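No value in this document is a laboratory result; all are computed from the given coordinates. If you're wondering where the values come from, they're calculated on a predicted model, not measured in any experiment. Please note: Cβ atoms are built from the backbone with ideal geometry, for glycine as well, and neighbour counts cover all protein chains shown.
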Amino acid sequence: MYQDAKERYSRYGVDTEAVLEKIRNIPISINCWQGDDVIGFEKGARALSGGIQTTGNYPGRARNAAELMDDFRFASSFIPGAKRLNLHASYLISDKEKDRNEIEPEDYRAWVDFAKANGLGLDFNPTCFSHPMVVNNLTLSSPHREVREFWIEHCRRSRQVAAYFAKELGTYSVCNLWIPDGFKDTPADRITPRLRLKEALDEIYAEKLEGVIDSVESKVFGIGVESFTVGSSEFYLAYAATHGIYQLLDSGHYHPTEVISEKLSALLCFFDRIPLHVTRSVRWDSDHVVRLDDEIREIAKEIVRNDATDKVLVGLDFFDASINRLVAWITGTRNMQKALLMALLEDNRTMKADQENEDYTHLLAYSEEMKTLPWSEVWDEYLRREGLRDDFSWFDEIRKYERDVLSKRG
Ligand code: RNT
Ligand code: ZN
């Protein structure tokens, strides 16, 4: 079947062997927080708050580091290709009771060992939510100096953790900042909180750190902060462009008809890196598991067509607590990979030439023709070459794990 597919693609000038080599080297940064509903391991860890929400109480949530590591290791054994693990500061592994403004690289040493043992890169995020120092939904833009200073310290230390990851693992570490700051109702003054945020960022990013890719993640609104977000897209884009850092695009953080696939080429004219949070928003930033839908395919196409597989750093950001969390990881990650594979299997050269030559008739017909080529045969071959089964048996294995391991958790 694969040989047949290979031959069919070759008629369109697509070399499936080259594609198979390429796809396995595109890393996907998998979010650790799908495994435990964004709770983390802090002593007295609190429920998720800060404008984001998990819904559902499917049994078997990882309750500690050992369980999260076991679950991640097992889930990722069904995911082909290069993988990274995206951590949040709240996932520290320490005997001491440490507040966010006290974290140190050593609190994440166990994750470095885990990453080394499993061939993973590590990315990092300061955790500026689910904490009493989020006062009236504000952190870095708070009118209270002590609140701002607390979070500035946390973010500075988070960057040190990312630098430690980069040094230990010999690969970059994305350190992405998202804060929930905003107002429930129409503000009287939009600029003062923004100026305070700008000043806080200047302190956080004062020092360049080797191996760290710093990014800021904008958002349009959150639950309880519906009317105004301090860290809007324009604010962070302008900040990133003028301060040598990057804007992270989360596909759930824009207006309902606004898509990030359309933004990639614009940013690529100016930035050599674009970190992503790929997620699926259903009516709001609901962080559903990524499906193989039109927008994810379009994101993948933009990455591939623009020759940006090493510039666009694909990370995932979903957390569904209503289904088996390992299935969420596997399905969401594989869907991102399937979208990339489909994009790599398109004859982009011809279609670009059609556009340049203004042959829109051929472009329409040809791009529709691409859609029914046997990409799934190449996907199955990819799985086999990665030592994975090319059928649905992975699901039975997870069901077995659910019976033997997850269901035993309290
Ligand atoms: C929230 C942002 C943020 C978080 C994670 C947990 O709307 O998307 O990235 O989802 O960091
Ligand atoms: Zn995000």
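Roughly how many whole Å is it from the C-alpha centroid of the range 352-409 to that of the range 289-330? Using only Cα atoms to place each centre, the spacing works out to 12 Å.
Could you calculate, for the range 1-160, the ratio of the Cα radius of gyration to the Kirkwood radius, expressed as Rg to Rh? Could you put the intermediate results ahead of the total?
Working: Rg = 20.2 Å, Rh = 18.2 Å.
A ratio of 1.11.
Computed extension gain for residue 369 through residue 306, at 0.36 nm per residue and net of the alpha carbon distance, reaches 20.6 nm. Scaled against 2.2 N^0.38 Å for its residue count N, the alpha carbon radius of gyration of the range 78-222 is 1.11. Taking 0.36 nm per residue of sequence separation and removing the Cα-Cα distance, the residue 227/residue 409 pair yields an extension gain of 61.5 nm. For the range 120-141, the residues whose backbone nitrogen is under 20 Å from a point 7 Å from the Cα of residue 242, taken along Cα to Cβ, are 140-141. Taking the chain as a Gaussian network of alpha-carbon nodes connected by springs under 10 Å, the highest mean-square fluctuation of the residues 371, 167, 83 belongs to 371. Here the simple spin-label model places points 7 Å from the Cα toward Cβ, and for residue 66 and residue 102 these points are separated by 2.4 nm.
Projecting the Cα atoms of 213, 125, 308 onto the charge dipole of the chain, computed from C-beta unit charges around the Cα centre, puts 125 farthest toward the positive end.
Proximity of backbone amide H atoms, modeled 1.01 Å from N, is registered between residue 182 and 230 at under 5 Å, excluding neighbours fewer than 5 places apart on the same chain. Spatial offset of the range 204-242 relative to the range 166-202 amounts to 4 Å, using the alpha carbon center of each.
Once the C-beta distance of residue 258 and residue 95 is scaled by a Förster radius of 60 Å, the resulting FRET efficiency is 0.85 to the nearest 0.05. Here, P(r) means the percent of Cα pairs in each 20 Å bin from 0 to the largest distance; for the chain it is 26, 57, 16, 0. Fewest neighbouring Cβ atoms within 10 Å first, the residues 400, 22 line up as 400, 22. Across the range 120-129, coupling constants 3J(HN,Hα) worked out from phi with the 6.51/-1.76/1.60 Karplus curve, θ = phi - 60°, read 10, x, 10, 10, 9, 9, x, 9, 9, 8 Hz, and Gly and Pro carry x.
Annotation for the range 12-72 versus the range 79-104: alpha-carbon center distance of 13 Å. Relative to the dominant Cα principal axis of the chain, helix 375-385 is inclined by about 70°.
The antiparallel fraction among DSSP beta bridges confined to the chain stands at about 15%.
Charged neighbours of residue 233, selected by a Cβ distance under 11 Å, balance to -2 (K, R count +1; D, E count -1). When the alpha carbon coordinates of the range 270-410 are projected onto the principal axes, the ranges are 63, 33, 28 Å, largest first. Think of the chain as a dipole: +1 on every Lys or Arg Cβ, -1 on every Asp or Glu Cβ, centred on the Cα centre; then among 13, 138, 150, 150 lies furthest on the positive end.
For the chain, the longest principal axis of the Cα atoms and the long axis of helix 109-118 meet at an angle of about 10 degrees.
What's the magnitude of the charge dipole for the range 105-186 around its Cα centre, counting Lys and Arg as +1 and Asp and Glu as -1 at the beta-carbon? Answer in Debye, nearest 20.
Numbers: 9 positive and 10 negative charges, 28 e Å.
Magnitude of the dipole: close to 140 debye.
Given the options 266, 375, 69, identify the residue whose Cα lies farthest towards the positive end of the charge dipole of the chain (+1 on Cβ of Lys, Arg; -1 on Cβ of Asp, Glu). Farthest towards the positive end: 69.
Sorted on the mean count of surrounding Cβ atoms within 10 Å across their residues, most packed first, peptides 88-100, 340-352 read 340-352, 88-100.
So what is the diffusion coefficient of the range 56-103 in µm² per second by Stokes-Einstein at 25 °C and 0.890 mPa s, using a Kirkwood Rh over Cα pairs?
Details: Rh = 13.1 Å.
Answer, rounded: 188 µm²/s.
What number, rounded to the nearest 500 deg cm²/dmol, is the helix-based mean residue ellipticity at 222 nm of the chain, given -39500 (n - 2.57) per DSSP H run of at least four residues and division by all its residues?
Numbers: 14 runs with 172 residues, N = 410.
The per-residue figure over the chain is -13000 deg cm²/dmol.
Each residue, residue 146 and residue 206, gets one label point 7 Å from its Cα in the Cβ direction; the gap between the two is 2.2 nm.
Across the chain, the mean sequence separation of Cα contacts (distance under 8 Å, 6 or more residues apart), normalised by length, yields a relative contact order of 20 percent.
Beta-bridge orientation, the range 1-142: approximately 10 percent antiparallel, per DSSP, counting only bridges with both partners inside. Only the Cβ atoms of Lys and Arg (+1) and of Asp and Glu (-1) were treated as charged; on that basis the dipole of the range 225-365 about its Cα centre amounts to roughly 500 debye.
Treating the beta-carbon of each Lys and Arg as +1 and of each Asp and Glu as -1, no other charges, what is the dipole magnitude of the chain about its Cα centre, to the nearest 20 debye? Can you show the working numbers first?
On the way: 53 positive and 69 negative charges, 178 e Å.
With Lys and Arg at +1 and Asp and Glu at -1, about 860 debye.
Against the empirical 2.2 N^0.38 Å (N residues), the range 245-346 has a Cα radius of gyration ratio of 1.03.
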